[in-house]
1. Could you check how many residues of the range 67-78 are touching a strand residue (DSSP E or B) at 6+ places or on another chain (Cβ under 9 Å) and open to solvent by 40 Å² or more (accessible area, probe 1.4 Å)?
2. Within the range 62-112, work out how many residues are more than 16 Å from the chain's Cα centre (by Cα) and among the small types (Gly, Ala, Ser).
3. Does residue 63 meet the test of being in contact (Cβ under 8 Å) with a residue 60 or more places away in the chain and within 30 Å of residue 17 (Cα to Cα)?
4. On the given criteria, is residue 81 surrounded by fewer than 18 Cβ atoms within 10 Å (Cβ to Cβ), out of contact with any Asp or Glu (no Cβ under 6 Å at 6 or more places or on another chain), at pLDDT below 95 and not hydrophobic (A, V, I, L, M, F, W, C)?
5. With the requirement that a residue be of a type in the set (Phe, Trp, Tyr) and part of a helix (DSSP H, G or I), what does the range 33-88 give you?
6. Taking only the range 120-174 into account, find how many residues are loosely packed, with under 13 Cβ neighbours inside 10 Å, in contact (Cβ under 8 Å) with a residue 40 or more places away in the chain and farther than 24 Å from residue 91 by Cα.
Amino acid sequence: MPSTATPASPDTDISLQALARRLAPQATPQMQRELVQEMEDLLAKYRLMEQRFELPHGDVPGAVAAFIAGNYMALRDVDFPDQGFTALVAQMRALLAGRPHLVSGTPEQRQQVYQEMVIGGMQMALARDQLRQQPNERASAQLRQAAKARLDEFLRMDTRQLRITEQGMAMQPG
């Protein structure tokens, strides 16, 4: 069984076109091409984060941390401390090491998880940043609601008490 620290193979070419078709099945071919370009841009931005935090390209625990961090930023409308991300990656690595069934699979399957987590987290973080530059209360409320729903579903808990600090993720009253 592969280690959770084993990155998804960077050489594995998971079709972003297939992902776009799955995410937007009714979209026109032009809209799907634009979605693919957006996903490629988000993955490229995340690659800069991988370099900054010295994560191996395709690292699934890092991608899961990015998903949680991006949605947390959107939910709480907060910046994310660098030390918090480092601690969160370490937490996800330990959590996934204890649950190998969550990251086992073919390199293609791990790559798909990696891409979906990165894209889902980066979209939310960037949407939050855009709303800070061009405030829109209705859109902000919708973004917070979507982020909470994503985190609740992914973490399988009510995340109202979720806090992420420089020490990582924890549930805290209040």
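The values are calculated or read from the model by the stated rules, or taken from the named source; none is laboratory data. As the structure is a computational prediction, the values presented were derived from the model and not from experiment. Cβ sites come from the backbone with ideal geometry, for glycine too, and all protein chains shown count toward neighbours. Ligands, DNA and RNA are excluded from the accessible area calculation, which covers all protein heavy atoms including side chains. Shrake-Rupley method; radii C 1.70, N 1.55, O 1.52, S 1.80 Å.
1. Number satisfying all stated conditions: 2.
2. Final tally of qualifying residues: 5.
3. no
4. no
5. If the condition is that a residue be of a type in the set (Phe, Trp, Tyr) and part of a helix (DSSP H, G or I), then 46, 67, 72, 85 are the ones that fit.
6. Adding up the residues that qualify gives 1.
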